[in-house]
Amino acid sequence: MAEILASVIDGVLIGSIYGLAAMGLTLIWGVMNVINLSHGAVIVLGMFALYYLSSVLGLNAYAALPIVIILGFAAGMALYWIAVHRVIGRPHLMSLLSTFAVNMVLIGLGTALWSTSPYNVPVSLPSVSWQGYTYTGTHLVAAALAFVIAGLLYVLLYRTRIGKAIRAVANNRAAAELSGIPTTQVLALSFGLGVTLAFASGMLIATLFPFTVLSGGAYQLKSFVVTVLGGLGNPGGALLGGIFLGLIEGVATPFMPLSWTPMIEFVLFVIVLIAFPRGIFSFSRA
Amino acid sequence: MIFVRFNSFRPFPLLILIVTVSFALVPWWTNNVSLRENLILAALDIALASNLNLMIGYAGYVNFGSIVMFGLGGYVGIYLVSLWHWPLLVATLIGGVAVTVIAYVFGLGILRLRGAYFALATIGVNEAVSVFITNFDPWGGASGIYISLEAYAPLGGASRALWIVYFLMVAVMGLSLTLSYAIRHSKFGLGLLAIGQNEDAAATLGVPTRTFKAMVYSTSAFLPAIAGGLYFFKSGIIEPTGAFDLTTSIEAIVMVMLGGQGTVAGPAIGAFLYEELRGYLLTAQAFSHFQLVIAGLLLLVIVLFAPGGLMGFIHQRLPFTRRWLE
């Protein structure tokens, strides 16, 4: 029993990070109907941003978070104007390909700059023991920060005028434009926010595990699974979906070889996509 | 009709024949092995891009995981050749048929999705199959299947086998182009183009959209699956990371876009140019690290500024080419 509880806690801890990573993807999808295939590359940029701020400039890893967020927002706005603005409202193929092109360029530059060898950012925090199981401090802090960032996003989306504008554009862009909302700026802002979330999750992941330029691919695929579980375009669902995925990983590990878990995830992904395209956590509509 | 009326004469099939025959004969006559190795990759890419174009260009469905059929076909073919000692041609054909059936069944499921949802599902299918094969011990798991040298003996030794595989690959390329042309000029193709334009309108007009979509998904799997068997037979090994590489899948999309989606010649031209560009970038010292960057920038420029690709550009500037370069 205690063993299962421990895997549940592990699952929630890692799942909240997955949820944060997926929130950026789902926000962008919800507002502008664009699946950002450069998401993984952007997560990697967040990891390397932390590496430079912490290991090179010597900043405390968590003190670097605000700077990472500012960098992420700037990068997101730049990406929007370079690659996304012209494909809004065109067939899905176009936005999928333009964001994938950005992914290729970022990964290519990253490989040239940093090669594909592993990096890590040493963060030392005391770990917590409870009922014979030890939870590392970095995991606890990362999960807590993930919840804080998710909470801030909620406040921004549901308690501010900007959030109201974002939700209006997501709902119906033409109507929002008619009501005097500068929709293009709102789209750019939302893309910036989505990339910011990816940067922040990349930064938190970098405090937990070693990473390479190519690590983003795995997290991007996980983000897809999480996004689909939580319902495309639903940031609240993304956090739940992330925790659900974390639980699957945590609870499945004692019962089956680790190498089979991705199989379960992807089969679940395809089935949920076909059977519940709004996600399994959307109770409001059938 | 004995006499072919000039205005109904379409020179394109002749062009396909000329290209295929010169692909087969030029390296053979000059006995140039490095040219052959270069052209077999081009032939493979032309086959992959041409079949992917049936989905993307005709039916308007973005298939991000087209490579899964190539990989699965390769696995079935190699399994039959190396462990059951079946002849190469039979093994790869069975691989093609088996994968076509699998694709039809998958297709009925995931083709209920549209647009970006479908694109995501194809990624999911590719990754799920990849992880499954990685854990599937009869097919060698993560380390894959090696082909022993004896497998090349029935074809008259390894060096002769490579020529035979090359000719077969060129044949697959020629068949891919012919298939693409035939579908473009059939009622089936017309239905697909209608689906690509507006699926609901097509259904209202009596196009059996569900069947047509599953048919095109499985048809576009057949020749790539055979190509997979041939390619991995040539490589001598098949393993999951090489067989289900999402990057290859997306490179195929780049080729289709570069040449011009929805045309017959476009994907082939795009595949040839992309393959040559990649070869050049990989060997040129200055660029070898920036191959991905350049390919990415190329794709971005096409998507943002020339979504019709090369064929779109040519057709627009030189309208008379529409007749013979389809």
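Take the residues of region A:36-56 that are open to solvent by 10 Å² or more (accessible area, probe 1.4 Å) and among the aliphatic types (A, V, I, L, M): which is farthest from A:GLY241 (Cα to Cα)?
Of all residues in region A:36-56, those open to solvent by 10 Å² or more (accessible area, probe 1.4 Å) come to A:45, A:49, A:51-56.
Subset that is among the aliphatic types (A, V, I, L, M): A:45, A:49, A:53, A:56.
On the way: A:LEU45: 24, A:ALA49: 27, A:LEU53: 31, A:VAL56: 35 Å.
Ranking the qualifying residues of region A:36-56, first place goes to A:VAL56.
Among the residues of region A:164-187, are any closer than 30 Å to B:ASN126 by Cβ and hydroxyl-bearing (Ser, Thr, Tyr)?
The answer is no, given that none of the residues of region A:164-187 is closer than 30 Å to B:ASN126 by Cβ and hydroxyl-bearing (Ser, Thr, Tyr).
Please go through region B:162-192 and pick out each residue that is more than 16 Å from B:ALA227 (Cβ to Cβ), of a type in the set (A, V, I, L, M) and open to solvent by less than 50 Å² (accessible area, probe 1.4 Å).
Step one: list which residues in region B:162-192 are more than 16 Å from B:ALA227 (Cβ to Cβ), which gives B:163, B:181-192.
After this cut, where a residue has to be of a type in the set (A, V, I, L, M) as well, the list is B:182-183, B:190, B:192.
Hits for region B:162-192 are B:ILE183, B:LEU192.
If you check A:THR111, A:THR116, which single one turns out to be in contact (Cβ under 8 Å) with a residue 12 or more places away in the chain, within 14 Å of chain B (Cβ to nearest Cβ), surrounded by fewer than 21 Cβ atoms within 10 Å (Cβ to Cβ) and part of a loop (DSSP other than H, G, I, E, B)?
Values: A:THR111 fails: part of a loop (DSSP other than H, G, I, E, B).
When all the criteria are applied, what remains is A:THR116.
Go through region B:123-152 and count every residue that is buried (at least 21 other Cβ atoms within 10 Å of the Cβ) and within 9 Å of chain A (Cβ to nearest Cβ).
Final tally of qualifying residues: 10.
Given the residues B:ILE46, B:ILE94, which is the only one that is aliphatic (A, V, I, L, M), touching a helix residue (DSSP H, G or I) at 6+ places or on another chain (Cβ under 7 Å) and surrounded by 23 or more Cβ atoms within 10 Å (Cβ to Cβ)? Walk me through how you get there before you give the answer.
On the way: B:ILE94 fails: surrounded by 23 or more Cβ atoms within 10 Å (Cβ to Cβ).
Only one candidate passes the filter, namely B:ILE46.
Are there any pairs with C-beta distances below 6 angstrom linking a residue in region A:249-266 that is on the phi < 0 side of the Ramachandran plot and touching a residue at least 12 places away in the same chain (Cβ under 8 Å) to a residue that is assigned to a helix (DSSP H, G or I) and open to solvent by 60 Å² or more (accessible area, probe 1.4 Å), with the two at least 6 apart or on different chains, and if so which?
Final answer for the pair search is A:GLY250/A:ASP10.
In the list A:VAL213, A:VAL226, which residue meets the criterion of being at pLDDT 85 or above and either more than 11 Å from chain B (Cβ to nearest Cβ) or within 30 Å of A:ARG161 (Cα to Cα) (or both)?
Details: A:VAL213 fails: either more than 11 Å from chain B (Cβ to nearest Cβ) or within 30 Å of A:ARG161 (Cα to Cα) (or both).
Only one candidate passes the filter, namely A:VAL226.
If we keep just the residues of region A:1-35 that are under 20 Å from A:GLY163 (Cβ atoms) and of a type in the set (Gly, Ala, Ser), which is most open to solvent (accessible area, probe 1.4 Å)? It would help to see each step written out before you state the result.
If we filter region A:1-35 for residues that are under 20 Å from A:GLY163 (Cβ atoms), which is where we start, we get A:19-20, A:22-34.
Filter again for of a type in the set (Gly, Ala, Ser), leaving A:19, A:22, A:24, A:30.
Numbers: A:GLY19: 0, A:ALA22: 0, A:GLY24: 0, A:GLY30: 24 Å².
Going through the qualifying residues, I end up with A:GLY30.
Taking region B:53-101, which residues are among the β-branched types (Val, Ile, Thr) and free of Cβ contacts under 8 Å to residues at least 12 places away in the same chain?
Restricting attention to region B:53-101, the residues satisfying the condition of being among the β-branched types (Val, Ile, Thr) are B:56, B:62, B:67-68, B:76, B:78, B:81, B:90, B:92, B:94, B:97, B:99-101.
Within region B:53-101, just B:VAL90 meets the criteria.
Might you let me know whether region B:301-321 holds any residue that is within 20 Å of A:LEU214 (Cα to Cα) and without any contact (Cβ under 8 Å) to a residue 24 or more places away in the chain? Quick ask: steps written out before the conclusion?
At the first step, the residues of region B:301-321 found to be within 20 Å of A:LEU214 (Cα to Cα) are none.
Checked against the condition, which is being within 20 Å of A:LEU214 (Cα to Cα) and without any contact (Cβ under 8 Å) to a residue 24 or more places away in the chain, region B:301-321 yields no hits at all.
The values are calculated or read from the model by the stated rules, or taken from the named source; none is laboratory data. Everything quoted here is computed from the prediction, not taken from an experiment. Every residue, glycine among them, receives a Cβ derived from its backbone with ideal geometry; neighbour counts consider all protein chains shown. The accessibility values were calculated without ligands, DNA or RNA, using every heavy atom of the protein model including side chains. Shrake-Rupley method; radii C 1.70, N 1.55, O 1.52, S 1.80 Å.
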